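Structure, as structure tokens:
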Amino acid sequence: MSGDGRARKPEDAAHELLLRLAGRLSDRHLWRCRDWLAGGAIDVLARSLPLTLLRERVGITAQESLLVNAAFLQAGADAGRLSALPWVDEIADLDYTFTSESPDRVNLGDSVAVVLGATLRGRPEVKSARTSWRHGRYGDGRTEPVRVVLVTATHGYRKLTGEMQRVLRALGQHEPSVEVLPEGMAPPPYQEAALAESTPLMPELAGVS
């Protein structure tokens, strides 16, 4: 993924766009958008996401505008609505901080991490799998730490995102935060900050980037 919106499938552009919107769009909206994309419903995403960005007053950069057009114009989005999305010159500083361990973690271990690691183990496309804990100001009023799962993969990004979200929801995280980065893509600021304060889900991949 190059980030310029050219010569790519609409689904790939949409996946990168959602990666770049993490930390600016609420978990409540973001996981649903990713679930639609994983299920092949890019037409639903093309109609709903621009409306959400307008309603939530989330500005996009020029680079993200290219991704919006590459992702949604062919999927039936309203061109006038896309052009109405507000632009920003740069993204403001994150409202979040990250830590490698939850302050509530007990000595009995992290059973959710064990399940996540087991789900990803043995998949050749998975090159790295880590977890971090996000703290900070939340638009929905929550203040408890949120688990962020960070995976680097060679392919199958959208379906892997959807699968991991379903696993986390089954384990009780109703608005899962899953970031699946294509191998070779420079992490956007949100994912970069989370990766800097993370621990491996699978020790055997700890040294693989």
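The values are calculated or read from the model by the stated rules, or taken from the named source; none is laboratory data. Just so it is clear, the structure is predicted and the values come from calculations on it, not from any experiment. Here the Cβ positions follow ideal geometry from the backbone for every residue, glycine too, while neighbour counts run over all protein chains shown.
Values computed for the structure shown
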item: All positions within region 139-159 that are touching a residue at least 40 places away in the same chain (Cβ under 8 Å) and buried (at least 18 other Cβ atoms within 10 Å of the Cβ); result: Pro145, Val146, Arg147, Val148, Val149, Leu150, Thr152, Tyr157, Arg158
item: Identity of the residue in region 73-93, assigned to a loop (DSSP other than H, G, I, E, B) and closer than 22 Å to Lys9 by Cα, that ends up modelled with the highest pLDDT; result: Leu85
item: Residue in region 85-96 that is more than 18 Å from Pro189 (Cα to Cα) and crowded, with 22+ Cβ neighbours inside 10 Å present; result: no
item: Test: residue in region 146-154 that is in contact with an Asp or Glu (Cβ under 6 Å, 6 or more places away or on another chain), part of a strand (DSSP E or B) and at pLDDT below 95; result: no
item: Matching residues, region 43-72, being more than 18 Å from Leu30 (Cα to Cα), out of contact with any Lys or Arg (no Cβ under 9 Å at 6 or more places or on another chain) and either in contact (Cβ under 8 Å) with a residue 40 or more places away in the chain or not in a helix (DSSP H, G or I) (or both); result: Asn69
item: Condition met for Glu125 (surrounded by fewer than 16 Cβ atoms within 10 Å (Cβ to Cβ) and either among the small types (Gly, Ala, Ser) or at pLDDT below 90 (or both)); result: no
item: Boolean, Ala196 is under 13 Å from Arg130 (Cα atoms) and modelled with pLDDT of 95 or more; result: yes
